[in-house]
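Novice: Here's a structure for you.
The values are calculated or read from the model by the stated rules, or taken from the named source; none is laboratory data. Here the structure is a predicted model, which means the values were calculated and not measured. We place every Cβ from the backbone using ideal geometry, glycine too, and count neighbours over all the protein chains shown.
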């Protein structure tokens, strides 16, 4: 599969087969995703695989958008994506390297999430990135260390649907030259 095929073929999957994701396959996906670029190679992304009863408890923490909980309940696994705080966008003395301050870590989290989802897609695993959940309660449930922030939940599994790509903006709408 070419990069173009992977990028154009990957869709957000919200329905999954009732089939577990092998832990060895997940390890391969994480190994590939670990090559995502990051600020000064800080590699701040961390992944927690959540299954079984813990996954079901996590799904109940989506009252902001209950549909996300239903998707998580029916997924065989949910990946909790966290980032190590205080590294991305900073210098060793604690000062900011960029005017974006400490918000640069969300850029790296997004890059890591996309790398993970593309690596999963290449292996036949579907995914959808979710940001609507009770962050504090989910962090407490998963016992996220103080030095990390929980930024996304990613239900994964073998797809039970094949959504078509939504309409895309034209290159003329997206690209300008100066």
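Novice: Given 153, 132, 118, which one is under 26 Å from residue 67 (Cβ atoms), part of a loop (DSSP other than H, G, I, E, B), touching a residue at least 60 places away in the same chain (Cβ under 8 Å) and under 20 Å from the mean Cα position of the chain (by Cα)? Don't jump to the end; show me each part of the working.
Specialist: On the way: 153 fails: part of a loop (DSSP other than H, G, I, E, B); 118 fails: part of a loop (DSSP other than H, G, I, E, B).
That would be 132, the only listed residue that is under 26 Å from residue 67 (Cβ atoms), part of a loop (DSSP other than H, G, I, E, B), touching a residue at least 60 places away in the same chain (Cβ under 8 Å) and under 20 Å from the mean Cα position of the chain (by Cα).
Novice: Go through (1) in contact with a helix residue (DSSP H, G or I) (Cβ under 6 Å, 6 or more places away or on another chain); (2) surrounded by 21 or more Cβ atoms within 10 Å (Cβ to Cβ); (3) in contact (Cβ under 8 Å) with a residue 60 or more places away in the chain one by one and return the number of the condition residue 89 breaks.
Specialist: (3)
Novice: OK, next. If you scan region 1-15, which residues turn out to be within 19 Å of residue 130 (Cα to Cα) and touching a helix residue (DSSP H, G or I) at 6+ places or on another chain (Cβ under 6 Å)?
Specialist: Passing the criteria: 10, 14.
Novice: Residue 68 fails exactly one of the following numbered conditions: (1) in contact with a helix residue (DSSP H, G or I) (Cβ under 9 Å, 6 or more places away or on another chain); (2) surrounded by fewer than 17 Cβ atoms within 10 Å (Cβ to Cβ); (3) within 18 Å of residue 141 (Cα to Cα); (4) touching a residue at least 60 places away in the same chain (Cβ under 8 Å). What is the number of that condition?
Specialist: (2)
Novice: Can you name the helices (runs of 4 or more DSSP H) wholly within region 1-82 that have at least 3 residues being closer than 15 Å to residue 123 by Cβ and modelled with pLDDT under 95? Walk me through how you get there before you give the answer.
Specialist: Values: elements: 3-9, 23-33, 52-59, 66-74.
In region 1-82, 3-9 are the helices (runs of 4 or more DSSP H) which contain 3 or more residues that are closer than 15 Å to residue 123 by Cβ and modelled with pLDDT under 95.
For every residue, the table says whether it meets (1) within 18 Å of residue 40 (Cα to Cα); (2) touching a residue at least 24 places away in the same chain (Cβ under 8 Å); (3) surrounded by fewer than 21 Cβ atoms within 10 Å (Cβ to Cβ).
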site	(1), (2), (3)
80	no, yes, no
106	yes, yes, yes
159	no, yes, yes
177	no, no, yes
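Novice: Could you list, in sequence order, the residues of region 135-150 that are out of contact with any strand residue (DSSP E or B) (no Cβ under 9 Å at 6 or more places or on another chain), surrounded by 12 or more Cβ atoms within 10 Å (Cβ to Cβ) and free of Cβ contacts under 8 Å to residues at least 12 places away in the same chain?
Specialist: The one that is out of contact with any strand residue (DSSP E or B) (no Cβ under 9 Å at 6 or more places or on another chain), surrounded by 12 or more Cβ atoms within 10 Å (Cβ to Cβ) and free of Cβ contacts under 8 Å to residues at least 12 places away in the same chain: 140.
Novice: I'd like the residue in region 83-97 that is touching a strand residue (DSSP E or B) at 6+ places or on another chain (Cβ under 9 Å) and assigned to a loop (DSSP other than H, G, I, E, B) and, out of all such residues, is farthest from residue 129 (Cα to Cα).
Specialist: Of the residues in region 83-97, the ones touching a strand residue (DSSP E or B) at 6+ places or on another chain (Cβ under 9 Å) are 83-85, 89-90, 96-97.
Next, from what is left, pick out any that are assigned to a loop (DSSP other than H, G, I, E, B): 85, 89, 97.
On the way: 85: 20, 89: 23, 97: 28 Å.
Restricting to residues being touching a strand residue (DSSP E or B) at 6+ places or on another chain (Cβ under 9 Å) and assigned to a loop (DSSP other than H, G, I, E, B), the top hit is 97.
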